[in-house]
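A.B. asks: Sharing a structure with you now.
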């Protein structure tokens, strides 16, 4: 899989939350999500945009899930969500961040920002809701 050009950081202190961000902004990429993958490497996350709820059908591992509003604020976090579950998002959810289970320290009310690791790269429309900075 291609190395990601984007990372997610916590806005308040710049702490890296996701070292390699995968973006699922199209219908098919959101539908497939993490299904059928053997695992998700630690430090990698999948951001589904837009997204109002998720399921973990056909997943082979547990995931941590963070629900983000349209300003990048974490509304809720569900840790160690096991396969074959449905998870409804809280009201106001705009995007969902999925990470390997047991790897996140995110908490509600933290604000995230997307940071580009490559200069001159255009910002995907689906990431514009996050306040971002250039490295």
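We did not get these values from a lab; they are worked out from the coordinates using the rules stated. Please read all numbers here as calculations on a predicted model, not as lab measurements. Neighbour counts run over all protein chains shown; Cβ positions are idealised from the backbone, glycine included.
A.B. asks: Top mean-square fluctuation among 37, 19, 78, Gaussian network model of the chain, C-alpha springs under 10 Å?
C.D. replies: 37
A.B. asks: Pick out which of 114, 12, 70 has the largest mean-square fluctuation in a Gaussian network model of the chain, springs linking Cα atoms closer than 10 Å.
C.D. replies: Highest fluctuation of the listed residues: 12.
A.B. asks: Go through 48-59, 119-130 and give me the packing order, highest mean Cβ count within 10 Å leading.
C.D. replies: My ranking of the peptides, most packed first, is 48-59, 119-130.
A.B. asks: Using a basic spin-label model with each label point 7 Å from the Cα along Cα→Cβ, how many nm lie between residue 105 and residue 123?
C.D. replies: Roughly 2.7 nm, to one decimal.
A.B. asks: Still on this structure, I have one more. If you build the convex hull over the alpha carbons only and average its shadow over all orientations, what do you get for the stretch 27-120? Give it in nm² to one decimal.
C.D. replies: Working: hull surface 25.7 nm².
It is 6.4 nm².
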